[in-house]
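Below is one structure, written out as structure tokens; comments come after it.
The values are calculated or read from the model by the stated rules, or taken from the named source; none is laboratory data. From a predicted model like this one, the values you see are computed outputs, not experimental measurements. Cβ placement follows ideal geometry from the backbone for every residue including glycine, while neighbour counts extend to all protein chains displayed.
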Amino acid sequence: MRKLKLQMQITVDGFVAGPKGQLAWMAPLDTDPAILAFINQLTDTSDTILLGRKMTEGFTAYWEGIPKGNPEYDFAQKMVGTPKIAFSKTVTSLKGKNLRVERGDLVTAVNALKKVPGKDLMVYGGAGFVSSLVEHDLIDELNFFVNPVAIGEGMRVFKGRKDVKLERSVAYDSGVVVNTYLRR
């Protein structure tokens, strides 16, 4: 059975966005070759990306807009070429290449996707969508890119207690620490 993996940046005080969704606190990960290697390895283990509706438009527009010659171009082509599923209760279609909208029950749909043969599934966000996945114990591996900054208030993905097991923790020269946790 495939695993659902999360890749998400987070502050040292546990926020994934500011109170209004602000992300200016995030460290640029493209300046650290070791982090890029880990991100590429993580990406290569998956063949489907899950997204919440609110994040989908920005995600697809960003990666589809990277021009040839940009240092992110090759990775962007992975993001564009990978099938994406946006979960929504309000829309039937969204703009983006290799993108479809899933309107069914979240738990049923994700559990069905886990049973389909293939590589693992990857989720990038946003905060509300990831929170729903966490609440229903659907994420098997959480990769938190802990930024060396505290913002004091904002959006979280945990609403209550969740026991996890630390699989590994790697500190990078940029100051970002990647903590990988497994669901218990």
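Per-structure values
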quantity: Some residue of the range 32-43 being touching a strand residue (DSSP E or B) at 6+ places or on another chain (Cβ under 7 Å) and small (Gly, Ala, Ser); calculated: no
quantity: From Ala27, Ala17, residue being surrounded by 13 or more Cβ atoms within 10 Å (Cβ to Cβ) and farther than 18 Å from Val134 by Cα; calculated: Ala27
quantity: Residues located in the range 123-160, provided they are polar (S, T, N, Q) and over 11 Å from the mean Cα position of the chain (by Cα); calculated: Ser131, Ser132, Asn147
quantity: Subset of the range 73-127 [among the aromatic types (Phe, Trp, Tyr) and surrounded by 14 or more Cβ atoms within 10 Å (Cβ to Cβ)]; calculated: Phe75, Phe87, Tyr124
quantity: Filtered residue count, the range 30-53, keeping only those that are surrounded by 20 or more Cβ atoms within 10 Å (Cβ to Cβ) and of a type in the set (S, T, N, Q); calculated: 1
quantity: Residue count, the range 141-155 (criterion: surrounded by 17 or more Cβ atoms within 10 Å (Cβ to Cβ) and part of a loop (DSSP other than H, G, I, E, B)); calculated: 2
quantity: Qualifying residue in the range 149-165 (condition: touching a strand residue (DSSP E or B) at 6+ places or on another chain (Cβ under 8 Å), among the β-branched types (Val, Ile, Thr) and more than 11 Å from Phe15 (Cβ to Cβ)); calculated: yes
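For every residue, the table says whether it meets (1) over 29 Å from Arg184 (Cα atoms); (2) at pLDDT below 95; (3) acidic (Asp, Glu).
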position: Val16; (1), (2), (3): no, no, no
position: Leu36; (1), (2), (3): no, yes, no
position: Lys78; (1), (2), (3): yes, no, no
position: Asp105; (1), (2), (3): no, no, yes
